[in-house]
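Encoded as structure tokens, the structure appears first; notes follow it.
Bear in mind these aren't lab numbers, they're just calculated from the coordinates by the rules spelled out. Because the structure is a prediction, the values reported are computed rather than measured. Note that we place each Cβ from the backbone using ideal geometry, even for glycine, and neighbour counts take in every protein chain shown.
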Amino acid sequence: MGDATMNRFLPKLHKIYNVKKSCFIAIDNLLYGFDNPSIMDIKMGSRTFLEDEVSNDELRADLYEKMIKLDPSVLTDEEKQVKSINKLKYMQLREQLSSSSTLGFRIEAFKTRNLNKNKLDKILNRLNLIHSSFKCSSFFGSHEVVGSSLLIIYDSCKVNIWMIDFAKTVPLPEGIVINHVSPWVQGNHEDGYLFGLENLINIIKEIKDTVVENSTRH
Ligand code: I3P
């Protein structure tokens with residue numbers, strides 16, 4: 001919230017509650033003022049785990065069960081025998097089985113209705129603003145942004161986009177500089193956030209052009 005370049009894209013933080021060992025935050029209700037809104041949660045970045053995960057070899061049966069439902073063919077015989085998988089492997093498979101690895105973003109959930117050209121224009125304007133502000137932001141210049149989402153909300157009158165989910169946004173180690181675009185290799189801390197945002201913007205532009213082309217044809 002302290003970064004003046006970015007805080008217009010972040011829900012306002014109202015309060016922090018510590019309950020036993022958990023910490024809860026109260027933030028703006030982003031759906032307030034919308035009438036039956038359409039919503040899309042897009043997880044940004046080509047890497048969805050923190051580098052610490054690389055050294056975590058705990059085997060998890062819950063992640064194995066989730067992967068069985070997604071795509072059992074990617075599991076090794078050994079994993080099938082122990083019926084568990086470590087989180088790094090699970091997260092990397094999720095990236096490869098979705099568009100995270102190729103496009104740097106994936107759609108996690110959506111409830112959506114008619115999108116017209118006017119809304120696509122507003123979405124593109126806001127995404128371009130987030131992109132240019134992110135590039136100038138001292139906060140994002142000094143943090144890796146992992147597992148964060150863009151939340152697109154619109155109804156028949158309004159459109160808005162918010163940056164949410166910063167539980168795995170952490171300061172970069174001293175001496176490490178990232179561009180948020182280059183591919184990740186262990187130790188470089190690249191997250192692929194801007195790679196994903198640029199692809200998202202280009203894809204929405206293509207959709208808009210198709211919408212315009214179809215509407216002029218009819
Ligand atoms: C979950 C998703 C979450 C992750 C969670 C995964 O997978 O990647 O972001 O939590 O790990 O299970 P999926 O989307 O396939 O359900 P974190 O971002 O907090 O790591 P978890 O099971 O350890 O909570």
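Residues of the range 27-51 falling in the label zone of ILE203, defined by backbone nitrogen less than 17 Å from a point 7 Å along Cα to beta-carbon, are 39-48. When both the range 73-104 and the range 158-218 are represented by their alpha-carbon centers, they are found 23 Å apart.
How would you order 141-154, 49-62 from highest to lowest mean count of nearby Cβ atoms within 10 Å?
On the way: 141-154: 20.6, 49-62: 13.1.
With the highest mean Cβ count within 10 Å placed first, the list reads 141-154, 49-62.
Applying 0.36 nm per residue to the separation of GLN96 and ASN36 and subtracting their alpha-carbon distance, the gain on full extension is 18.2 nm. Contact order, relative form, for the range 62-218: 21 percent (alpha carbon pairs under 8 Å, 6 or more residues apart, mean separation divided by residue count).
For the chain, taking Cα atoms only, Rg and Dmax work out to 19.1, 61 Å respectively. With both labels modelled 7 Å from their Cα along Cα-to-Cβ, the ALA26 to ASN116 distance reads 3.9 nm. Remark on the range 60-116: Rg and Dmax equal 14.2, 50 Å (Cα only). When each of the peptides 171-178, 88-95 is scored by how many other beta carbons lie within 10 Å of its residues on average, the order from highest to lowest is 88-95, 171-178.
What the Cα convex hull of the range 142-189 gives, in volume per residue, is 93 Å³.
For ILE107 and ASN7, the FRET efficiency from 1/(1 + (r/R0)^6), where r spans their Cβ atoms and R0 equals 22 Å, is about 0.30. Taking amide H positions as modeled 1.01 Å from N, with prolines and chain starts lacking one, the residues under 5 Å from GLU108 and 5 or more places away or on another chain are ASP41, ILE42, LYS43.
Starting with the highest mean, order 29-40, 115-126 by the number of other Cβ atoms within 10 Å, averaged over the residues of each peptide.
Values: 29-40: 13.7, 115-126: 15.8.
My ranking of the peptides, most packed first, is 115-126, 29-40.
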